[in-house]
Amino acid sequence: MEFNLVQTIAIYALPVIFAITLHEAAHGYVARHFGDNTAYVLGRVSLNPLRHIDPVGTVLVPLLILVTSGMFGSGGILFGWAKPVPVDFSGLRHPKRDMLWVAAAGPLANLFMALLWALALKFAVVTPQNAFSLPLGLMAEAGIKINLVLMLLNLLPILPLDGGRIAVSLLPNRLAYSFSRLEPYGFPILLLLLFTNLLGAILNPMVSASIQVIATIFQL
């Protein structure tokens, strides 16, 4: 089946927006739980996507990737970001330890959403095919893939990604300090991996394996 640009945007818009914004909201919620109210005071502990959307990272970049690579059957990596939720790690009750949970909250939110989209896909599959079940199935497939990509991407041990924060939390103090000094180089490294297709080579096998696990669990 051929998809035009409007259909592609219609199918991917909600999964992309909620995958990115709920990821950020989860960071703020957990940070507040462990003592840092920075995100809460700024109104970022919210499920309102408008509080988290970055015009470039949430809209323009994913749209350009969809247009230029075609996500349907392409195996491409849909890359994007929201406005980072501000966290004052010094405000956490146990900064180094609690950093792990604040960082892990985003990927865990994506995993939860991937499972919810899997339930939606299961519903679409068992429902007699109609004008509603087909779009729902396509949107659910997109939601599963997008959330798994964001989860696994953010778990890479590169600062300032969540995986980098988790690594800092787990490493001994001396190594954690040395590793944290690499943060200014993290985003350029990530872009280099993206534009050399190494990011896809790293993530695609993990995404495919994760999709297979979910398909097995939900008998899809």
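Quick note: the coordinates plus some simple rules give every number you see, no bench work behind them. Model, not experiment: these values are computed from the prediction. Glycine also receives a Cβ, built like all others from the backbone with ideal geometry; neighbour counts cover every protein chain displayed.
Multiplying the residue separation of Asp88 and Tyr185 by 0.36 nm and subtracting their alpha-carbon distance yields 32.8 nm. The length gained on full extension between Gln219 and Tyr177, counted as 0.36 nm times the residue separation minus their Cα-Cα distance, comes to 10.6 nm. In summary, the convex hull built on the alpha carbon positions of the chain has an orientation-averaged projected area of 12.7 nm². Screening the chain for DSSP H helices whose Cα atoms reach 20 Å or more along their own axis and whose mean Kyte hydropathy is at least -0.5 gives 5-33, 95-126, 133-154, 198-217. Using 0.36 nm per residue and subtracting the Cα-Cα separation, the extra length available between Asn130 and Leu115 on full extension is 3.1 nm.
At 37 °C and 0.692 mPa s, what whole-number value in µm²/s does Stokes-Einstein give for the translational diffusion of segment 153-220, with Rh from the Kirkwood sum over Cα pairs? The diffusion coefficient I find is 244 µm²/s. Net charge dipole, segment 5-217: roughly 340 debye, given to the nearest 20, about the Cα centre with Cβ charges of +1 for Lys and Arg and -1 for Asp and Glu. Under a GNM of the chain (C-alpha, springs under 10 Å), which listed residue has the highest mean-square fluctuation: Pro15, Pro86, Pro205? Among Pro15, Pro86, Pro205, the largest GNM mean-square fluctuation belongs to Pro205.
The separation of segment 94-130 from segment 147-181, counted between C-alpha centres, amounts to 20 Å. Per-residue Cβ neighbour counts within 10 Å put Thr38, Thr58, Thr196 in the sequence Thr196, Thr38, Thr58, beginning with the fewest.
GNM on the chain, alpha-carbon springs under 10 angstrom: the most fluctuating residue among Arg165, Arg97, Arg44 is Arg97.
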